[in-house]
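The values are calculated or read from the model by the stated rules, or taken from the named source; none is laboratory data. Just so we're clear, the structure is a prediction, and the values are computed from it rather than from any experiment. Note that each Cβ is placed from the backbone with ideal geometry, even for glycine, and that neighbours are counted across all protein chains shown. Each accessible area value is taken on the protein alone, full model and side chains, heavy atoms only, with ligands, DNA and RNA left out. Shrake-Rupley method; radii C 1.70, N 1.55, O 1.52, S 1.80 Å.
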Amino acid sequence: MKRVGNLYKRVWAYDNLLEAHHNAKRGKGWYKEIREVEQDLETNLYKIQTLLVHHLYETSEYEKFYKQEGPKLRKIYKLPYFPDRIVQWALMQVVSPYIEKSLIRDTYSAIPGRGIHDGLARVQDAMYNHHEDCLFCLKFDIRHFYQNIVHSILVDAYGKLFKDYELMLLIEEITYSISTLDEEDEAEMEADGLEIIRECGLPIGNFFSQWSGNFYLSPFDHWMKEEMQRKFYYRYMDDIVVFGSSKEELHELREASEQFLWDKLHLRLKKNWQVFPSYVRGVDFLGYRVFDGYTLLRKQTVKSMRCKYKCLDEKVSSGLMSYSDFCSLNSYLGWGVKGDCFRLNNKYIMPFEDAACEFYKEVISRGALKQ
């Protein structure tokens, strides 16, 4: 792919910074830090522009906290809205179209128009219409993926895509701003006699990290599709599914994948990788379990839905539905629409249909939410 240059001026252009502000604040307009920026928006954006033009921008200190996501406890790194989140949006608005062109079709997550439901449709098409090629499934993900992204490898990859020196200075500043490799990973790698690279790890929560995570694994995607000739290969960030016609070929592919990921990207597979019959067990991917001709929600999502149902039942009975509850209902409804979940929706979602419609009518349509 031809390297692209002359992009940095587009990053610090005022119109791009203004768009970055509007995108970064979406859904968070009532936050105190955003309202403070908007008290004198033009002046604040010109301050960011000056920092970028004169290469004075330095990443602020990260706020660290933990967030429970299903069964996982994730360590989140948060930057201030001004100037950092606006800067990252300004950067990615310019470079993301070129990153997207470098990715294969079956890479999902953080890519406009290529989310969970698009990936699900592709997996369903493979399993419903190509039985002989999808008899068995290799499923794996990367151990502590974000924490083990090597800064130098990522920057080198960006350098092969962009030839703009000033742009690369900004990319390097954000990439090297923090190392998130944890002590647990270091201890395990040392015990296994593996090389430890100190400058690695991207912070979960950064807009830059979402795109960079996808981009970092792009060489593996191309290797799978082009060298290994795997037509039915799908990746959602570091969660990977590959179909094959025999267990033997997928076991060989797993061994080759482990070698490639370590040699080229300094990454390792989690030890819970699996090779199994696709249509007997069903393929658990993207929040769904896909079988032969039908699709169910993942068991963890159903358990979450049941818990939410009990909580909502009490709230609705007391007339206390919140905006968060309303969004949860619509989210679960969206999940169910893409699967064969008629009875599930009838049991856990439809009982709140009237309450949700009333909330929309009385609160959302009247603009009564706090902004």
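Calculated from the structure at hand, Kirkwood radius over Cα pairs in Å is found among [x] 23.0; [y] 21.3; [z] 22.1 as [x].
In region 1-82, carbon and sulfur make up what percent of the accessible area (probe 1.4 Å)? Provide the component values of the computation, followed by the final result.
Numbers: 2660 of 5480 Å².
Reported share for carbon and sulfur atoms: 49 percent.
Scalar couplings 3J(HN,Hα) for region 206-222, obtained by applying the Karplus form with A = 6.51, B = -1.76, C = 1.60 to θ = phi - 60°, are 7, 4, 4, 5, 4, 5, 5, x, 4, 5, 4, 8, 4, x, 5, 4, 5 Hz; x denotes Gly and Pro.
Summarise the accessible area of region 250-339 (1.4 Å probe, protein heavy atoms) by the percent that is carbon and sulfur. Let's see the in-between values first.
On the way: 2420 of 4810 Å².
That fraction is 50 percent.
In a simple Cβ point-charge model (Lys, Arg +1; Asp, Glu -1; nothing else charged), the chain has a dipole of about 1200 debye relative to its Cα centre. Debye-formula intensities of region 45-129, expressed as log10 I(q)/I(0) at q = 0.11, 0.12, 0.13, 0.23 Å⁻¹, are -0.53, -0.62, -0.70, -1.10 (one equal scatterer per alpha-carbon, no solvent). Centroid-to-centroid, using Cα positions, region 34-87 and region 139-160 are 23 Å apart. Taking each DSSP H run with n ≥ 4 as -39500 (n - 2.57) and averaging over every residue of the chain yields -15000 deg cm²/dmol at 222 nm. Short-range pairs are left out: with C-alpha atoms under 8 Å and at least six residues apart, the relative contact order of the chain is 19 percent. Close amide-amide hydrogen proximity is noted between C200 and H151, T180, L181, each under 5 Å apart and 5 or more residues distant or on a separate chain (H modeled in the peptide plane; Pro and chain starts excluded). Using a probe of 1.4 angstrom and keeping all protein chains present, the accessible surface of the chain works out to 52 square angstrom per residue.
On the protein heavy atoms, probe 1.4 angstrom, tell me the percent of accessible surface of region 113-168 carried by carbon and sulfur. Walk me through the intermediate numbers first.
Values: 1100 of 2210 Å².
Using a 1.4 Å probe with all protein chains present, region 113-168 comes out at 50 percent carbon and sulfur.
Accessible surface of H266, taken over heavy atoms with a 1.4 Å probe and every protein chain present, rounds to 20 Å².
Counting only lysines at least 8 places from K347 when in the same chain, those with an alpha carbon closer than 26 Å to its own are K299, K303, K308, K310, K315, K338, K361. Toward the positive end of the charge dipole of the chain, with +1 on the Cβ of Lys and Arg and -1 on the Cβ of Asp and Glu, the farthest Cα among H55, C307, G213 is that of C307. DSSP beta bridges fully contained in the chain are about 90 percent antiparallel. I want to verify a result. In a Gaussian network model of the chain, Cα cutoff 10 Å, which of these has the top mean-square fluctuation: C341, C307, C134? In this elastic network of the chain, the residue with the biggest mean-square fluctuation among C341, C307, C134 is C307.
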